[in-house]
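In what follows, a single structure is set out as structure tokens and then discussed.
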Amino acid sequence: MIAIYTLWIRQLKRYFRSKSRIIGSLGQPLLFLVALGFGLGPVFQKAGQGNYLEFLAPGIVAMSILFLSVFNGIEVIWDRQFGFLKETMVAPVPRWEIMLGRTLGGATVAVMQGIIVFLLSLLVGFKPVFELWHLVLAFVFMFLIALLFTALGTAIASVLEDMHGFQLISNFLVMPLFFLSGALFPLDNLPKVISIITAFDPLSYGVDGLRGTLANASHYGLIPDFLLLSIIVLIFISIGSYLFSKIQV
């Protein structure tokens, strides 16, 4: 447990030391909120779907968590190249504890990022459902999304040694996961093929959970979202732990 706590804190210190990283990672979510929220808002409203910004904001919060979580895996490759990972792996603790500590730390950082984007969306004009239990559930869904994709990033990094290869594979996965999650468009009345694909996209349940808690507009239902997302998180953490334990340093 000490190893988990130590690595958790280390990830947080890394995040707060890099002020440029914090500011830079807010650019894309803010651009999506402003450009799409106001640019496509009139079209969305004319289609009878209501306020597009209120629909879009939960998806952009999920997007910011997704990107930061997955690319947290680069730190595994970085630590391997510069020797820190070897020092960590020879410690007398199970490797799954090391992986879990890194995952919790990366997930916490991603949730902080999501909260900052959520606050920015309030400044832009997003008006969520302000009830305490909605906000608590929203934070739960944020943390589940962060855990899932931090574990995915760690799993990918565990089988790669090259940062460029990690970025190529991650982008190949991240962009389809994001665009097919319903973050930018409603999941109702989609073509059957697209509807099936979105149902297999784990981010769909995270976005839907956030939208259900913050905008009261869930497609699948909050309970199915929570249960399916929790199961997928456990699966990905298990896969990530196994692959991380096989790293050769």
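The values are calculated or read from the model by the stated rules, or taken from the named source; none is laboratory data. These figures come from a predicted structure and were not determined experimentally. Heads up, the Cβs are rebuilt from the backbone with ideal geometry, glycines too, and the neighbour counts pull from every protein chain shown.
Before moving on, here are some points about what is shown:
- Residue satisfying all of: in the range 114-145; of a type outside the set (A, V, I, L, M, F, W, C), surrounded by fewer than 23 Cβ atoms within 10 Å (Cβ to Cβ) and touching a residue at least 12 places away in the same chain (Cβ under 8 Å); nearest to Val34 (Cα to Cα) among these: Gly125
- Residues being within 23 Å of Val61 (Cα to Cα), crowded, with 23+ Cβ neighbours inside 10 Å and of a type in the set (Asp, Glu) are entirely absent from the range 178-188.
- Of all the criteria given as (1) under 27 Å from Phe126 (Cα atoms); (2) surrounded by 13 or more Cβ atoms within 10 Å (Cβ to Cβ); (3) at pLDDT below 90; (4) not aliphatic (A, V, I, L, M), the one not satisfied by Pro202 is (3).
- Candidates Val193, Val233, Val174: the one that is over 24 Å from Gly73 (Cβ atoms) and either assigned to a helix (DSSP H, G or I) or aromatic (Phe, Trp, Tyr) (or both) is Val193.
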